[in-house]
Amino acid sequence: ACTGIENIDEAITLLEQNNWDLVAAINGVIPQENGILQSEYGVETLHGPAFGPTSHSAAASSAPSSSSAFRHVVPSRQIVERQPRMLDFRVEYRDRNVDVVLEDSSTVGDIKHILENELQIPASKMLLKGWKTGDVDDSTVLKSLHLPKNNSLYVLTPDLPPPSSSHSGALQESLNQNFMLIVTHREVQREYNLNFSGSSTIQEVKRNVYDLTSIPVRHQLWEGWPSSATDDSMTLAVSGVTFPCHRLTVGRRSSPVQTREQSEEQCTDVHMVSDSDGDDFEDATEFGVDDGEMFGVASSALRKSPMMPENAENEGDALLQFTAEFSSRYGDCHPVYFIGSLEAAFQEAFYGKARDRKLLAIYLHHDESVLTNVFCSQMLCAESIVSYLSQNFITWAWDMTKEANRARFLTMCTRHFGSVVAQTIRTQKTDQFPLFLIIMGKRSSNEVLNVIQGNTTVDELMMRLMAAMEIFSAQQQEDIKDEDEREARENVKREQDEAYRISLEADRAKREAQEREMAEQFRLEQIRKEQEEEREAIRLSLEQSLPPEPKEESTESVSKLRIRTPSGEFFERRFLASSKLQVVFDFVASKGYPWEEYKLLGTFPRRDVTQLDPNKSLLEVKLYPQETLFLEAKE
């Protein structure tokens, strides 16, 4: 159905070349028209019609003996240049349809530029919707989207005023409305109530029904679609389904192989065969393989892995597996789940600074609920919800599918939120899951602000999240005010304590300085006293060692010396002319003027007597019969 290949041998060959990786095999074929396919055996050239729904029709009308679309050639290093693949787009805007043809190497922005010229609308004001692969931006290359040859898109211009035409206004209103599809699963006689926006496509509905019923899209047989719903890329708003509620029936196709003519006969009234009618693969039961086993892949391998291991000892490891499995099922655009225990999530959300605190969102998953896949893919993975949760919430998740995990969460719930909340969750039926709990931390307890069930819409979910944020913001402002006042008081106390500490340090330093100064003065005084005592001892010793002063009537030659002190005082003494000069020095020192500190100078001629040889006599140094000397301190 995707590639237009009807020959099973061809299909098996491609799968073998891709190591039985179905996705890799399909992706390797869809984007290549009239180009090449590399394999380990050499270069294979694509011949025949282009792949896609339109080319398949041409192939079906060719001769039965037509050989494979892949013809093996002799291995060669020469590679045939790939021809650009052309894509057709029918773009709907209000009451106009615009046909656009582009190469698959073009970007989404190129489509907008063409539409800007055709519709006279600025490209920046356009929202191009209808992509089967989710949201895209202007830089997305068309080739990366793996689109079929024919595509249907529509343009929304929410920033522009609505047109005067009542039809365009009604279409815009329909795109914004929510449709309730009541889908009955024929084989098990079970009803599913599914909410979809008017901008959702029929293909998206079928994929969600596959998640609920396990009937592959290519095997779904529908009743109840309007006759105008001829293309799976059509939105519900333009498909003709009844608003606000429309009933449909789905079942599994009973015939393993259907031709285009048979499918058209079934669809003459209200039946609609999914995904490119008549372009299905031949049913695997043709080759002795049932629906649960295809190309040697056991049905157990097709079942979904559990979101969380049963009886997980470590909550962090369980959350890692939950995040990985959630990404594999619903894509990488999903809330960032906190990895760790519930207590750690509380600590992260509630026990930081008031400005940094957040609400705690607890997502409770249940694989057996009919609402789970729709809630996860359309609500929980919506970009607006993901962005709002990441900015304002700490999101923690738990899987309630296994009874052991359910009992473990209820125990945690009782411990942290009380028995009332635990009983509320315990009484929830399986079809009421998944649940979204909004928790706000308070000073002494944790309050559950809201319990959101799975049967909601994106708008309602966003409104309830925003309502919880309003309550939290009011409480947070009070907490911030209290915290600021408490920090101000603590800052004042810290400043006072610091000023007191500095004052004590200054007093202690001053006291220590005074003590050091007194100790130094005492030490210097002791040294001075010791020096004085030492000098006095030396003076007395010198005074005692002096020879007696000769008398005036002495018969020996006597020299009379008159010595002037620095203070202006004079003292005189008689010395024998034969006495050594050292005796004069000792006499002067005995008076308190040691020759190490003072110079003894003569007057006429001026000379430094202390520089003379102390062992010479007074007569020899010409200090006879009398002389006046004066003392001068040395520098």
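Residue by residue through the range 606-615, what is 3J(HN,Hα) from phi via Karplus (6.51 cos²θ - 1.76 cosθ + 1.60, θ = phi - 60°)? Round to whole Hz and write x for glycine and proline.
Along the range 606-615, the couplings run 6, 8, 9, 5, 5, 8, 7, 5, x, 8 Hz.
Can you return the lysines within cross-link range of K529? Criterion is Cα-Cα under 29 Å, with same-chain partners fewer than 8 residues away left out.
Correct list for K529: K510, K591, K599, K634.
Given the peptides 337-345, 565-573, arrange them by the average over their residues of other C-beta atoms within 10 Å, most packed first.
Order by mean packing, descending: 337-345, 565-573.
Going by Cα centres, the range 521-590 and the range 430-501 are how many Å apart?
Distance between centres, Cα-based: 98 Å.
Roughly speaking, what is the centre-to-centre gap between the range 122-149 and the range 216-233 when only Cα atoms are used, to the nearest Å?
Here the two parts' Cα centres lie 24 Å apart.
To the nearest 10 Å², what's T323's accessible area with a 1.4 Å probe?
Answer for T323: close to 30 Å² accessible.
Pairs to check: K551/K622; K358/K481; K206/K402; K125/K149. Give those whose C-alpha atoms are more than 18 Å from each other in this structure.
As for pairs spanning more than 18 Å Cα to Cα, those are K551/K622; K206/K402; K125/K149.
Considering all projection directions equally, how large on average is the shadow of the alpha-carbon convex hull of the range 317-481, in square nanometres?
Hull-based average projected area comes out at 8.8 nm².
In terms of modelled amide H atoms, which long-range or inter-chain residues lie less than 5 Å from the amide H of V558?
Those lying under 5 Å, H to H, from V558 are A577.
So for each of 363-371, 218-226, 453-461, 351-359 I average, over its residues, the number of other beta carbons within 10 Å; can you give me the resulting order with the highest mean first?
In decreasing order of mean packing, 363-371, 218-226, 453-461, 351-359 become 363-371, 218-226, 453-461, 351-359.
At 0.36 nm per residue, and after removing the present C-alpha to C-alpha distance, how many nm does the segment from S328 to E368 gain when stretched out fully?
Net length gain for the segment: 12.6 nm.
Using all Cα-Cα distances in the range 173-252, what percent lands in each 10 angstrom bin from 0 up to the longest?
Histogram of Cα-Cα distances, whole percents per bin: 19, 58, 22, 1.
The values are calculated or read from the model by the stated rules, or taken from the named source; none is laboratory data. Since the structure is predicted, the reported quantities are computational estimates derived from the model, not experimental observations. As a convention, Cβ positions derive from the backbone with ideal geometry for all residues, glycine included, and neighbour counts pool all protein chains shown. Surface areas here come from the heavy atoms of the whole protein model, side chains and all, with no ligands, DNA or RNA. Shrake-Rupley method; radii C 1.70, N 1.55, O 1.52, S 1.80 Å.
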